[in-house]
Amino acid sequence: MKNNQGFLYELKKHRALYILMFPGLLLMFINNYIPMLGTVIAFKRITYGKNFFETYIKSPFVGLKNFEFFLKTNYALIITRNTVLFNLAFIVIGLILAVTAAICLNEVLSKKLFKFYQSSMILPNMLSWVIISLIVYSFIADKGFINSLLTSFGGKESIQFYNETKYWPFIIIAVQAWYFLGTSAVIYLSTITGINPELYESAVMDGANKWQQVWAITIPMLRSTMIFMVMVSLGNLFVGNFGLFYNVPRESGLLFDVTNVIDTYVYRSLIQTGDIEMAAAASFYQSVVGFVIVLVSNSIIRLVSKEDAVF
Amino acid sequence: MKTRFAAYRRRSPGVFQITINAAFLIYSAICLGPLLLVLGCSLSRESDVLSSGYRLIPLNFTTDAYRFLLGNGRELFQAYFYTVFSTIAGTALGVIIMAALAYPMSRKDFRPRNKFSFYVYLTMLFNGGMVPLYLVYTQLIPIKNSILALILPNMLGGFYTLLMKNFFAQNIPESVVESAEIDGATTYRIFFTMVLPLSKPVLVTVGLFSAIAYWNDFFRNMLLANNGIINNLQYLLYRITVQIQVINQNPDVAASFPGGIPNETARMAMAILVVIPIAVLFPLIQKHFVRGLVAGAVKG
């Protein structure tokens, strides 16, 4: 009772603050919290009602049936494998490229060239995945740039990129790396420029060459940023970049084996094939495993070095 | 940025400078080149593209593809309208609502502030997924196939809200707020006339990221407004890449394009029309964009 009074008193005292927060709290409730509760649909056989509540009430509980069906399709394995392996590749390759690019960019002496390189590298990040898909298409289409080059150098037949799975792991990884390299490099670069120059000066006094400076000073100073960036990506280990995986392979069914990820599978099941139960099961599985991964990776970081934990 | 020119770097050997500059020049070409390839195709004759493939420099320069798109321009102009409107409305509303949500959490005299921060934070950790979200926006708040479908679902971000909260907590001096309160200013007045103007950097940062996301969004359109009536630029471009007929509904046009009805080239031209506003604004926004990236990476 006393608690309740305390709450009412608080509400009255800060009425204006609550009114300010209200639209945001409400929108987040609708956009994030109701869907969180709504994940229970994964345990139901979905029967559409006239409205949201009716749909939820009318749909009978079927326990783990949806998951059984989902796991029986060979999609479950394929989309999990693709999502996780691609993301791991993105994390490792992205980290190496971005740190290398940031260290090298920091060595560029001309201020004008530095700005030019930085702007060019960021540019892909400004483009939508629909545009990126067209760009990739103009390179690897039947009449695309690469095939034009090959034929002009005496190649006999053009390569049908959109029909052959063997090229796609490389294409996907290259496109993703190209898209994000600039922005990640900028983040690492900001840490590098924050390093106290005296550290380098005393290293030079001790006779350290550039390579030794990078290994002994720059990389250790980048550690926190690297852990932070890897943590954020690890938290998304089960999230496939929908824009990338849906647009860039241009929905070529022949490529699904290597390009279908959880997110594209959920979308296709929900909208295109109407397997809403499959979609719900896959999306619930993704949410829960993703959440567990966030918690686990953070507690590992906490064990290793406490100050780098995100929460 | 001054530290980049610290003493130790002046000893860089010439060969080293040449090597890294060469590497970055090549990589810059890899970043800019593809867009130039798209531009080159969009200015080519359709028949040239079909016979000799995509080229950086058109064999025969023509603006056919653009004339074709503008000749069938109604959908294009509508798409511009949908994109511009949803970008401006969604960004403006989103930034104000997020700031209003974040401000109380930054006030030290507001006791439950941590509870509300957690409410926002949890949205970043756990995501209900596509299916419940779809049910919410088709059944609970039936905005399917309305312009709200392009605006509402991605208006707020938990991360941006917390970014604002941290900015307010660090940059709005408590003493200023207190003395304004003593002078009789209401909380609303303080928020709108003091907090918001003092927080321009973070509002610009969040607004910019939000605007880019709106401009580039095709997914909400595809998921929640796919009856073909509401098409923003990205979704129209997506539909054209799947099926050029989306825009070519007028049989008379064929006669006016002796080089073949633009098809491949029209897609490329459409891409250029979608990118132009971003390309024009890029020099202006990139400074803020870089600042925002850095601010976002410094954990709050």
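The values are calculated or read from the model by the stated rules, or taken from the named source; none is laboratory data. Everything numeric in this text was worked out from a predicted model, so none of it was measured. Note that we place each Cβ from the backbone using ideal geometry, even for glycine, and neighbour counts take in every protein chain shown. Areas reflect the complete protein model, heavy atoms only, side chains present, ligands, DNA and RNA absent. Shrake-Rupley method; radii C 1.70, N 1.55, O 1.52, S 1.80 Å.
Restricted to the stretch B:139-155, and to residues there that are open to solvent by 30 Å² or more (accessible area, probe 1.4 Å) and β-branched (Val, Ile, Thr), the residue that is farthest from B:VAL206 (Cα to Cα) is B:ILE141.
Here is a yes/no grid of residues against (1) polar (S, T, N, Q); (2) in a loop (DSSP other than H, G, I, E, B); (3) at pLDDT 90 or above:
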| residue | (1), (2), (3) |
| --- | --- |
| A:VAL214 | no, no, yes |
| A:ILE219 | no, no, yes |
| A:LEU237 | no, yes, yes |
| A:GLU251 | no, yes, no |
| A:VAL266 | no, no, yes |
| A:GLY274 | no, yes, no |
| A:ALA281 | no, no, yes |
| A:TYR285 | no, no, yes |
| A:VAL294 | no, no, no |
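Selection of the stretch B:36-54 for residues being more than 19 Å from B:ILE261 (Cβ to Cβ) and more than 7 Å from chain A (Cβ to nearest Cβ) yields B:LEU36, B:LEU39, B:GLY40. The condition (being within 12 Å of chain A (Cβ to nearest Cβ) and either over 30 Å from B:ARG189 (Cβ atoms) or touching a Pro at 6+ places or on another chain (Cβ under 8 Å) (or both)) is satisfied by just one residue among B:PHE68, B:PHE126, B:PHE118: B:PHE126. If you go through the stretch A:88-111 and keep only what is farther than 21 Å from B:LEU293 by Cα and more than 14 Å from every other protein chain (Cβ to nearest Cβ), you end up with A:LEU88, A:ALA89.
Facing chain A (nearest Cβ under 8 Å), touching a helix residue (DSSP H, G or I) at 6+ places or on another chain (Cβ under 7 Å), at pLDDT below 90 and open to solvent by less than 30 Å² (accessible area, probe 1.4 Å), is that true of B:GLY158? Break it down into steps so the answer makes sense when it comes.
Numbers: facing chain A (nearest Cβ under 8 Å): yes; touching a helix residue (DSSP H, G or I) at 6+ places or on another chain (Cβ under 7 Å): yes; at pLDDT below 90: no; open to solvent by less than 30 Å² (accessible area, probe 1.4 Å): yes.
No: the conditions fail for B:GLY158.
When residues in the stretch A:179-209 are screened for being in contact (Cβ under 8 Å) with a residue 12 or more places away in the chain and either more than 16 Å from B:SER28 (Cα to Cα) or open to solvent by less than 30 Å² (accessible area, probe 1.4 Å) (or both), 17 of them pass.
Can you work out which of the residues in the stretch A:112-133 that are more than 8 Å from chain B (Cβ to nearest Cβ) and open to solvent by 10 Å² or more (accessible area, probe 1.4 Å) is farthest from A:ILE187 (Cα to Cα)?
To start, the set of residues in the stretch A:112-133 that are more than 8 Å from chain B (Cβ to nearest Cβ) comprises A:112, A:115, A:125, A:132.
Retained after the next criterion (residues that are open to solvent by 10 Å² or more (accessible area, probe 1.4 Å)): A:112, A:115, A:125.
Values: A:LYS112: 19, A:LYS115: 15, A:ASN125: 14 Å.
Across the stretch A:112-133, the extreme among qualifying residues is A:LYS112.
In this structure, is B:TYR134 surrounded by 21 or more Cβ atoms within 10 Å (Cβ to Cβ) and under 22 Å from the mean Cα position of the chain (by Cα)?
No; evaluated as a whole, the condition is false for this residue.
Here B:LEU50 meets the list (1) closer than 17 Å to A:ASN147 by Cα; (2) open to solvent by 90 Å² or more (accessible area, probe 1.4 Å); (3) touching a Pro at 6+ places or on another chain (Cβ under 8 Å) almost entirely, failing just condition (3). Quick one: count up the residues across the stretch B:55-65 that are at the interface with chain A (Cβ under 10 Å from one of its Cβ atoms) and more than 28 Å from the chain's Cα centre (by Cα). Number of matching residues: 1. In the stretch B:162-201, of all residues being polar (S, T, N, Q) and part of a helix (DSSP H, G or I), the one that is surrounded by the fewest Cβ atoms within 10 Å (Cβ to Cβ) corresponds to B:SER175. Within the stretch A:269-287, can you find the residues that are in contact with a helix residue (DSSP H, G or I) (Cβ under 8 Å, 6 or more places away or on another chain) and either open to solvent by 10 Å² or more (accessible area, probe 1.4 Å) or among the basic types (Lys, Arg) (or both)? Listed by number, the residues that qualify are A:LEU270, A:ILE271, A:ASP275, A:ILE276, A:GLU277, A:MET278, A:PHE284, A:TYR285, A:GLN286, A:SER287.
With A:PHE153, A:PHE170 as the choices, which residue is of a type in the set (A, V, I, L, M, F, W, C), at pLDDT 90 or above and open to solvent by 30 Å² or more (accessible area, probe 1.4 Å)? Steps first, answer last, please.
Working: A:PHE153 fails: at pLDDT 90 or above.
One residue alone meets the criteria, A:PHE170.
Can you pull out the residues in the stretch A:27-53 that are of a type in the set (Lys, Arg) and open to solvent by 30 Å² or more (accessible area, probe 1.4 Å)? Let's see the steps before the verdict.
The first filter runs over the stretch A:27-53 and keeps only residues of a type in the set (Lys, Arg), leaving A:44-45, A:50.
The answer is A:ARG45, A:LYS50.
On the basis of being at negative phi and either out of contact with any helix residue (DSSP H, G or I) (no Cβ under 6 Å at 6 or more places or on another chain) or facing chain B (nearest Cβ under 9 Å) (or both), does A:ASP257 make the cut? Taking the combined requirement at face value, the residue does not satisfy it. Restricting the stretch B:262-300 to residues that are touching a residue at least 12 places away in the same chain (Cβ under 8 Å) and in a loop (DSSP other than H, G, I, E, B) leaves a set whose member that is surrounded by the most Cβ atoms within 10 Å (Cβ to Cβ) is B:PRO262.
Given the criterion among the polar types (S, T, N, Q) and within 19 Å of the chain's Cα centre (by Cα), identify the matching residue among A:SER148, A:SER152, A:SER128. Checking each option against the conditions leaves just A:SER128. Looking only at residues of the stretch A:211-231 that are crowded, with 16+ Cβ neighbours inside 10 Å and without any contact (Cβ under 8 Å) to a residue 24 or more places away in the chain, we find that the one that is nearest to the other protein chains (Cβ to nearest Cβ) is A:GLN213.
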